Amino acid sequence: MTARALTMADAGIAHRLADAARAAPAGKLILTNANIVDVVGEHSGLGTVVISGDRIASVVHDIVKDAAADVQLVDLGGLSLMAGMFNCHFHATYPGLPLAAKRLPIGLEQPPVLQTLQAAYTVQKAMASGFTSLVSAGAPFAIDAGLKAAIAQGLLSGPRIMAGSRDISTTGHSLDQLYPWYWDGVTMPSVVNCDGEDAFRRAVREEIKRGAEIIKVFATSGHGVPGNLGQIDLTRAEFAAITSAAHQRGAKVRAHVANLEGIELALDVGVDLIDHGDGLDRRCMERMIGQGVFLAPSMLYAHRYVQQMGGVLADAMKADLDRMGALLPEANAAGLQIVLGDDYGGALLAHGDYGAELDYYVNIVGINARDVLRWATLHGAQLVGRGDDLGRLSGGSIADLLIIDGDPVADIRVLLDPLNILAVIQDGKFVSFGRQTSAAH
């Protein structure tokens, strides 16, 4: 006996996919007649993806007409199928912050419980928008680690999370300026101030104890953060203490850096990921490639700031934005590992507008859509050490997949509307339809 394929022409697409989710036996699913979006380059055109358990068993160019009775066969009718995406600069707790000059210090805007619920809502929104994995760029109260544990325990559905730390830097650094000196004794939930190598080692170890897997360092101001744009906020010895302590315990280090001297220092001490990288030149670009250091340029925030704001900071950001926009196509072609992610939930960038970042890099900066999708998938997976089994559409990979109405390679703008993400599959199971997250198993 064979199973009849559920086709997208039978009824509404969303209803068909929901039917497939309900009908699929555990771990037995075939998605056929799909437009295969494979940014690694192994497969293209119409084909079939066979899922067994939580993994992709095979990807073939044939169209399957029938299958065994215990296998759910879904004819996608030409809908696109691609690997789940990574957002690698993610602030789950940001609720929609005003500009720095008009806001409370990050982490004091809302009670911790409300921030946690905000974060749970935000990560589910990200997953429904096609981001099955998130790399934190910082959060207060160990909320990232708590969310990761809650998802692992099945308390809520959500993406894979690399949990972030609080922001670590020296007394009086750029973000510390948001705390006036006369607030002595006020809890600083998102910032850890340290002075001296031992203090930084202790702070890193404490963040890892709280569940952080990637340590965030504020090395300079800039990229929208007020301060002395040419200054480095910590010493070489302090910075080196951070990376050595983190790496010793298996954590990665990311650094907010927005001037050339800061980039050079970050590379000297062995950071894993540079955030923003304003001031990057060809020599540092080549060093990053040689050292395997990732770049999260986060240019959309800067672009919107320049468009909507004025003043000295906006002028400085425009100059940096123009330089990065000119260098980025060359860096991409040379093999720099660039990843997606920006300050969503901060000023000018609302959570849920994630597709705008891909659109910006393709249609404003001029990067090929397939390359930007590679940043969003394979490069993100490589950053978290999962390049062999995440972020790719190939046999043996984890079945984190997106079913998309439209072809993002032909027109990246289909990702501007999260409703075009018709279904999200995680670990071989349907977990989201459009913006409605469910626990369909």
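Spot the failing condition for residue 236; the list is (1) free of Cβ contacts under 8 Å to residues at least 40 places away in the same chain; (2) farther than 15 Å from residue 220 by Cβ, and only one is missed.
All conditions are met except number (2).
Among the residues of region 132-144 satisfying the criterion of being closer than 21 Å to residue 401 by Cβ and not hydroxyl-bearing (Ser, Thr, Tyr), which is surrounded by the fewest Cβ atoms within 10 Å (Cβ to Cβ)?
Looking at the filtered set, the residue picked out is 135.
Restricting the search to region 216-239, which residues are within 20 Å of residue 323 (Cα to Cα) and in a strand (DSSP E or B)?
Once the filter is applied, which keeps residues that are within 20 Å of residue 323 (Cα to Cα) and in a strand (DSSP E or B), region 216-239 yields 222, 225.
Would you pick out the residues in region 398-419 that are out of contact with any Ser or Thr (no Cβ under 8 Å at 6 or more places or on another chain), small (Gly, Ala, Ser) and either surrounded by fewer than 23 Cβ atoms within 10 Å (Cβ to Cβ) or farther than 17 Å from residue 159 by Cβ (or both)?
410
Could you list, in sequence order, all residues of region 366-386 that are more than 17 Å from residue 159 (Cβ to Cβ) and either basic (Lys, Arg) or surrounded by fewer than 18 Cβ atoms within 10 Å (Cβ to Cβ) (or both)?
Those that are more than 17 Å from residue 159 (Cβ to Cβ) and either basic (Lys, Arg) or surrounded by fewer than 18 Cβ atoms within 10 Å (Cβ to Cβ) (or both): 366, 368, 370, 371, 374.
Please determine, by comparing only the residues of region 145-179 that are at pLDDT 90 or above and assigned to a helix (DSSP H, G or I), which one is surrounded by the fewest Cβ atoms within 10 Å (Cβ to Cβ). Explain how you work it out, then say what you get.
To start, the set of residues in region 145-179 that are at pLDDT 90 or above comprises 145-170.
Filter once more, so that each one left must be assigned to a helix (DSSP H, G or I): 145-152.
Working: 145: 22, 146: 17, 147: 27, 148: 21, 149: 14, 150: 16, 151: 19, 152: 11.
Among those residues, the one meeting the criterion is 152.
Can you work out which of the residues in region 70-98 that are at pLDDT below 85 and surrounded by 15 or more Cβ atoms within 10 Å (Cβ to Cβ) is farthest from residue 29 (Cα to Cα)?
It comes out as 97.
For region 54-70, which residues satisfy the criterion of being assigned to a loop (DSSP other than H, G, I, E, B), farther than 15 Å from residue 397 by Cβ and not basic (Lys, Arg)? Walk me through it before giving the result.
First, pick out the residues of region 54-70 that are assigned to a loop (DSSP other than H, G, I, E, B): 54, 61-66, 69-70.
Narrowing further to those that are farther than 15 Å from residue 397 by Cβ: 61-66, 69-70.
Within region 54-70, 61, 62, 63, 64, 66, 69, 70 meet the criteria.
Tell me, please, whether a residue that is in a strand (DSSP E or B) and of a type in the set (Gly, Ala, Ser) can be found in region 183-204. Walk me through it before giving the result.
Restricting attention to region 183-204, the residues satisfying the condition of being in a strand (DSSP E or B) are 191-194.
Remaining after also requiring of a type in the set (Gly, Ala, Ser): none.
Scanning region 183-204, I find no residue that is in a strand (DSSP E or B) and of a type in the set (Gly, Ala, Ser), so the answer is no.
Looking only at region 180-205, filter to residues that are over 27 Å from residue 384 (Cβ atoms) and in contact with a strand residue (DSSP E or B) (Cβ under 7 Å, 6 or more places away or on another chain); which one of those is modelled with the lowest pLDDT?
Only one residue tops the list, namely 193.
Residue 255: part of a strand (DSSP E or B) and in contact with a helix residue (DSSP H, G or I) (Cβ under 7 Å, 6 or more places away or on another chain), yes or no?
Values: part of a strand (DSSP E or B): yes; in contact with a helix residue (DSSP H, G or I) (Cβ under 7 Å, 6 or more places away or on another chain): yes.
Answer is yes for this residue.
Among the residues of region 187-202, is there at least one that is in contact (Cβ under 8 Å) with a residue 24 or more places away in the chain, buried (at least 20 other Cβ atoms within 10 Å of the Cβ) and either outside the structural domain of residue 374 (by TED's automatic domain parsing) or within 17 Å of residue 352 (Cα to Cα) (or both)?
Checking region 187-202: not a single residue is in contact (Cβ under 8 Å) with a residue 24 or more places away in the chain, buried (at least 20 other Cβ atoms within 10 Å of the Cβ) and either outside the structural domain of residue 374 (by TED's automatic domain parsing) or within 17 Å of residue 352 (Cα to Cα) (or both).
Residue by residue through region 245-268, note down the ones that are closer than 19 Å to residue 164 by Cβ and surrounded by fewer than 24 Cβ atoms within 10 Å (Cβ to Cβ).
Result: 245, 247, 248, 249, 250, 251, 252.
Being closer than 17 Å to residue 357 by Cα and more than 22 Å from the chain's Cα centre (by Cα) is the filter; apply it to region 270-307 and report the residue that is surrounded by the fewest Cβ atoms within 10 Å (Cβ to Cβ).
307
Just one of the numbered conditions (1) touching a Phe, Trp or Tyr at 6+ places or on another chain (Cβ under 9 Å); (2) hydrophobic (A, V, I, L, M, F, W, C); (3) buried (at least 16 other Cβ atoms within 10 Å of the Cβ) is not true of residue 350; which one?
Tallying (1) touching a Phe, Trp or Tyr at 6+ places or on another chain (Cβ under 9 Å); (2) hydrophobic (A, V, I, L, M, F, W, C); (3) buried (at least 16 other Cβ atoms within 10 Å of the Cβ), residue 350 fails exactly one: (3).
Based on this model, can you work out whether residue 242 counts as under 16 Å from residue 203 (Cβ atoms), part of a helix (DSSP H, G or I), modelled with pLDDT of 95 or more and in contact with a strand residue (DSSP E or B) (Cβ under 7 Å, 6 or more places away or on another chain)? Break it down stepwise before answering.
Details: under 16 Å from residue 203 (Cβ atoms): yes; part of a helix (DSSP H, G or I): yes; modelled with pLDDT of 95 or more: yes; in contact with a strand residue (DSSP E or B) (Cβ under 7 Å, 6 or more places away or on another chain): yes.
Criteria met by residue 242.
Answer with yes or no whether residue 432 is assigned to a loop (DSSP other than H, G, I, E, B) and polar (S, T, N, Q).
Taking the combined requirement at face value, the residue does not satisfy it.
The values are calculated or read from the model by the stated rules, or taken from the named source; none is laboratory data. As the structure is a prediction and not an experimental result, all values here were calculated from the model. With ideal geometry, Cβ positions are generated from the backbone for all residues, glycine too; neighbour counts draw on all protein chains shown.
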